[in-house]
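First the structure, which I've put down as structure tokens, then a few questions once you've had a look.
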Amino acid sequence: MTFQEPIAEQMLESPPLAGIDAPAELSGVPGDLAALTIGVRGKPRSLWSDAWRRFRKNRIALLGLAWLFFLVFVAIFAPVIATNNPVKSDVATAGTLRQAAWIEDPNPMRTGSWKYPLGTDSIGRDVFSRLVYGTRVSLIVGFIPMLVILAVGVPFGLIAGYTGGRIDNLMMRITDVVYAFPALLLAIVMQISFGDTRVGGLLNGLVLLFLSLSIVNWTGVARLVRGTTLSLREKEYVEAARASGAPHARIVFKHIFPNTLGAIIVAGAFVIPSAIISEAVLSYLGVGLRPSVNLNSPFPTSWGQMILDGSKFYQAQLWMLLGPALAIASITLAFTFVGDGLRDALDPRQSD
């Protein structure tokens, strides 16, 4: 027996390489020989295709992703799905708090009708239609602040982590000062201070709300990216690029930034539900999105506003409170499930 034979035996005994598909011409070859051939000739999957393969195995994450796609569909086609104009009041039912369609009431004016599937609120507006249009606000309030937070936090963390030294120390002290401000309290102050200004009136207050939710919350992303960058800049391939004379910008954007995308994507997935809950809290406190009286407004209400209205009449009309509460719970859980799935899928240490 030559010294090559034990090595060949070990290769035959080892399982096929993960993430490699057997070629068609090896369909009739015994498994061990096919594994050996694949190990020599096969091409491994990319990081993203391998991550997607792991993500698909997480059924809870797939369920959350499917629910989010459904909510996006509802938000886009809200005018078609909504049974009535969410701002228009039905004078006949104003003040009666009509029940949901399947509920009968001794008062004929409060007995449910499928014209208003979830009933009406205190001024005769359709609860179901307002719930459908509220999906738009929650999604846009989740995604826009997330993009702003990443646009500020990611470059800040990359620069601080890569440069190091005094610049890193100065930038992190700035981050600590910003982080010291309570995010929700600062958002309330901004909403009260600038709510009556021109900026506060843009898109019923959505623009000011985006700024309020983003002005402090970028610090967590900056710290995460900075820590990841500090680890990556000591890797061999970064040292090799630096020794070859590559410019700093190329090293950062070619070698470091792509390897931080996994952490950034996961962080963004968890920022969105936090922003949605913050908007609901601000609206519940009366300093969030402005109530709209425009019949053609694309953002007439939010789920936080509906909870505020429903908290006053929940004993007489339960769905005014229960509907938006379940909607907020479902969308935050969906983003949490997707975030957990992305974290596991993008972690190369996770086993299949």
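Express in nm, to one decimal, how much length is gained between Phe73 and Phe313 on full extension, taking 0.36 nm for each residue of separation and deducting their alpha carbon distance. The partial results should precede the final answer.
Working: separation 240, 0.36 × 240 = 86.40 nm, distance 3.01 nm.
Contour length minus the Cα-Cα distance gives 83.4 nm.
Also, I was wondering about something else. Taking the Cβ of each residue in Val141, Val132 as the centre, tally the other Cβ atoms inside 10 Å and list the residues starting with the fewest.
Val132, Val141
Please give the FRET efficiency for Arg53 paired with Asp347, using the beta carbon to beta carbon distance and R0 = 22 Å, rounded to the nearest 0.05.
It comes to 0.95.
Given a Förster distance of 51 angstrom, what is the FRET efficiency for Ile123 paired with Ser244, based on the Cβ-Cβ distance and rounded to 0.05?
Calculated transfer efficiency: 0.15.
Could I ask something else about it? Compute the whole-percent fraction of alpha carbon pairs in region 299-343 spaced more than 17 Å apart.
Pairs farther apart than 17 Å: 42 percent.
Shifting gears a bit: Once you put a point 7 Å from the Cα of Ala151 and another 7 Å from the Cα of Ile265, both along the Cβ direction, what distance in nm separates them?
2.2 nm
Which translational diffusion coefficient, to the nearest whole µm²/s, is obtained for the chain from the Stokes-Einstein equation, given a Kirkwood hydrodynamic radius over C-alpha pairs, 20 °C and 1.002 mPa s?
For these conditions, the coefficient is 89 µm²/s.
Which of Leu208, Leu185 comes first, and how do the rest follow, when ranked by fewest Cβ neighbours within 10 Å?
The fewest-first ordering by Cβ neighbours comes to Leu185, Leu208.
Per the helix-only calculation at 222 nm, which mean residue ellipticity applies to the chain, given -39500 (n - 2.57) for every DSSP H run of n ≥ 4 and division by its residues, nearest 500 deg cm²/dmol?
-20000 deg cm²/dmol
Let me ask something additional. What stretch of the chain, leaving out the sites themselves, is the longest with no GluC sites (Glu not before Pro) in a DSSP loop having at most 15 other Cβ atoms within 10 Å?
105-233
Given charges of +1 on the Cβ of Lys and Arg and -1 on the Cβ of Asp and Glu, with all other atoms neutral, how large is the dipole of the chain about its Cα centre, in debye to the nearest 20?
920 debye
At 7 Å along Cα-to-Cβ for each site, give me the label-to-label distance between Ala329 and Thr111 in nm.
Going by the 7 Å Cα→Cβ label model, 3.1 nm.
Hey, another quick one. As an exercise, identify the trypsin sites (Lys or Arg not before Pro) in region 178-273 lying in DSSP coil whose Cβ has no more than 15 other Cβ atoms within 10 Å.
Taking region 178-273 and a limit of 15 other Cβ atoms within 10 Å, the loop trypsin sites (Lys or Arg not before Pro) found are Arg198, Lys235.
Counting other Cβ atoms within 10 Å of each Cβ, which chymotrypsin sites (Phe, Trp or Tyr not before Pro) in region 95-188 have at most 11 and sit in a DSSP loop?
Trp102, Trp114
Taking every pair of alpha-carbon atoms in region 236-341, give the share separated by more than 19 Å as a whole percent. Each step should come with its number before you reach the end.
Numbers: 3468 of 5565 pairs.
Distances greater than 19 Å cover 62 percent of the Cα pairs.
Rule-based calculations on the coordinates, nothing more; no lab input. These figures come from a predicted structure and were not determined experimentally. As a convention, Cβ positions derive from the backbone with ideal geometry for all residues, glycine included, and neighbour counts pool all protein chains shown.
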